[in-house]
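A.B. asks: One structure, pasted below without further comment.
Throughout, read-outs are computed from the coordinates displayed, never taken from laboratory work. Owing to the predicted nature of the structure, the values given are computational and were not obtained by experimental measurement. Cβ coordinates were reconstructed from backbone atoms using ideal geometry, including for glycine residues, and neighbour counts include every protein chain displayed.
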């Protein structure tokens, strides 16, 4: 089995070395490179395309959040981010909303092990077909991910908040339909492939629709009917192109 590729971006040499040494004890992971600032980090990330990125929050040339924002459009693979930081627990909560997890310096070995176990568990779940009726509870539907609005604002979302995505051909952009909220427009250039990578629960059923499979109640007359609070939606067509894939993947 191939190892999960890891990159560390941190300006503190001791912290980089300590983390790399600890990761080296887990045979499922391979540290493919380390960088000490944002500029080097972006080049290394693009080259390695890591599965897991450990990213410092404050670096000499930019913050970790700035690095992610600059790279967001060029990410063509699935990468989870762990912020590796010396911030205290009160400052870290805001950072946590935009990451898979965080690791506080100096870290306890068990803290790192817990993060790695959760990462592996979610990656394995991505590759296991699920049948309708046997899906996981909403509380286990994955971590927060970041989307960008047309005004380039960042918005943190959780899969459990989302019923479906719709492509608006007039404005040439995707919209996300949230629980008891107005639709949220996504930045132009956001693709269906990028949306699907946010969560294994997001499944494309039509050129214009991507649904959250955990809300799917039934497919009736080539339309997806969802559980509340999205039960009033009647527009979710299933095209012939995607129907067979949907049947095979979810035992329909």
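A.B. asks: Can you work out the FRET efficiency for the pair residue 28 and residue 234, with r the C-beta to C-beta distance and R0 = 35 Å, to the nearest 0.05? Walk me through the numbers on the way to the answer.
C.D. replies: Values: r = 45 Å, r/R0 = 1.28.
Here the calculated transfer efficiency is 0.20.
A.B. asks: Here is a follow-up. With angles folded into 0 to 90 degrees, how steeply does helix 109-126 sit against the dominant principal axis of the chain? Use alpha carbons for both and round to 10.
C.D. replies: 30
A.B. asks: Moving on to the next point. Quick one: helix 240-250 against the long Cα principal axis of the chain, what's the angle to the nearest 10°, folded into 0 to 90?
C.D. replies: 60
A.B. asks: Right, something else. Tell me the label-point distance for the pair residue 180, residue 153, using the 7 Å Cα-to-Cβ offset, in nm and rounded to one decimal.
C.D. replies: If labels sit at residue 180 and residue 153, their model points lie 2.1 nm apart.
A.B. asks: Then there is this: Is the range 138-250 best put as rounded, prolate or oblate by its Cα gyration tensor, with a ≥ b ≥ c the root eigenvalues, rounded for a/c under 1.5, and otherwise prolate when a/b is larger than b/c, oblate when not? Could the numbers behind the result be given before it?
C.D. replies: Details: a/c = 1.57, a/b = 1.33, b/c = 1.18.
Prolate.
A.B. asks: Applying 1/(1 + (r/R0)^6) with R0 = 25 Å to the Cβ-Cβ distance of residue 113 and residue 77, what FRET efficiency is obtained, to the nearest 0.05?
C.D. replies: 0.50
A.B. asks: Can you give me the relative contact order of the chain as a percent, contacts being Cα pairs under 8 Å and 6 or more apart?
C.D. replies: Values: 411 pairs, mean separation 28.9, N = 252.
So the answer I get is 11 percent.
A.B. asks: At a Förster radius of 30 Å, what calculated FRET efficiency corresponds to the Cβ-Cβ distance of residue 192 and residue 227, to the nearest 0.05?
C.D. replies: Efficiency computed from Cβ-Cβ geometry: 0.85.
A.B. asks: Quick check: the angle from helix 13-23's long axis to the longest principal axis of the chain, C-alpha only, nearest 10 degrees?
C.D. replies: For 13-23 against the chain, the angle is about 60 degrees.
A.B. asks: So what's the projected area for the range 4-126, the Cα convex hull averaged over all directions, in nm²? The partial results should precede the final answer.
C.D. replies: Details: hull surface 28.2 nm².
Averaged projected hull area, Cα only: 7.1 nm².
A.B. asks: At each listed q (0.14 Å⁻¹), what is the log10 of I(q)/I(0) that the Debye formula gives for the range 24-77 modelled as equal alpha-carbon point scatterers?
C.D. replies: Cα-only, vacuum Debye calculation for the range 24-77: -0.37.
A.B. asks: For labels at residue 69 and residue 13 in the simple 7 Å Cα→Cβ model, what's the distance in nm?
C.D. replies: 3.1
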